[in-house]
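Notes for the one structure printed next.
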Amino acid sequence: MSDCLFCKIIAGDIPSSKVYEDDLCFAFNDIAPQAPTHFLVIPKAHIGSVSEVNGDNSAVVAHIFEVIAKIAKEQGMDSYRVVSNIGEQAGQSVFHLHFHVLSGRDMTWPPG
Ligand code: 5GP
Ligand code: ZN
């Protein structure tokens, strides 16, 4: 999608600090980290949010969770949080599906 920030990051039109990449997904460090480790994992195909996941595109979501588990193992992360905000009230500010992966500090529950 031409006016999507994360599509531009995938295309390399906007620089990012890459953590992982394969044919289906891209992972990069968040520009405003909320924990010592904070990266985002996104599908290369544009999906607006979890609310647009369906039977035709959900395989990439399973793949992303495999990638998250793999990166976490490689980085020695034994405790971490995976978050996806859906809609403005929940805190979504970029409307390309992304999973925040946060680690390295104590976290509260429930979230604010
Ligand atoms: P959301 O608020 O939609 O759940 O998450 C969007 C995330 O994207 C935020 O944590 C924000 O810091 C991050 N972000 C926004 N613009 C950029 C950018 O240009 N580069 C990177 N690496 N992260 C960004
Ligand atoms: Zn996009």
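The values are calculated or read from the model by the stated rules, or taken from the named source; none is laboratory data. All values derive from a computational prediction rather than experimental measurement. Counting neighbours? That spans all protein chains shown, and the Cβs are built from the backbone with ideal geometry, glycine included. Only protein heavy atoms, including side chains, enter the accessible area calculation; ligands, DNA and RNA are left aside. Shrake-Rupley method; radii C 1.70, N 1.55, O 1.52, S 1.80 Å.
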Using the crude model of +1 on Lys and Arg Cβ and -1 on Asp and Glu Cβ, and no other charge, please compute the dipole size for the chain relative to its Cα centre, in debye to 20. 240
Give me the number: length gained by fully extending Asn54 to Asp13, i.e. 0.36 nm times residue separation minus the C-alpha to C-alpha distance, one decimal in nm. 11.9 nm
Quick one: pull the percent of accessible area on the stretch 1-41 belonging to carbon and sulfur, 1.4 Å probe, ligands and nucleic acids left out. 54
Let a ≥ b ≥ c be the square roots of the eigenvalues of the Cα gyration tensor of the stretch 1-84; is it rounded (a/c under 1.5), or, if not, prolate (a/b larger than b/c) or oblate? oblate
So how far, in whole Å, is the C-alpha centre of the stretch 1-43 from the one of the stretch 59-112? 13
To the nearest 10 degrees, how steep is helix 59-74 against the longest Cα principal axis of the chain, on a 0 to 90 scale? 30
Relative contact order [Cα under 8 Å, 6+ residues apart], the chain, whole percent: 29
Beta carbons within 10 angstrom, averaged per residue: use that to sort the peptides 84-97, 48-61, highest first. 84-97, 48-61
Heavy-atom accessible area per residue of the chain, all protein chains kept, 1.4 Å probe, expressed in Å², is 60
Per-residue HN-Hα couplings for the stretch 85-92, Karplus 6.51 cos²θ - 1.76 cosθ + 1.60 at θ = phi - 60°, whole Hz, x for Gly and Pro? 8, 10, x, 5, 5, 7, x, 6
How many nm separate the modelled label positions at Glu88 and Glu21, each set 7 Å beyond the Cα in the direction of the Cβ? 3.3
Evaluate E = 1/(1 + (r/R0)^6) for Thr108 and Ala69, where r is the Cβ-Cβ distance and R0 equals 22 Å; express this FRET efficiency to the nearest 0.05. 0.40
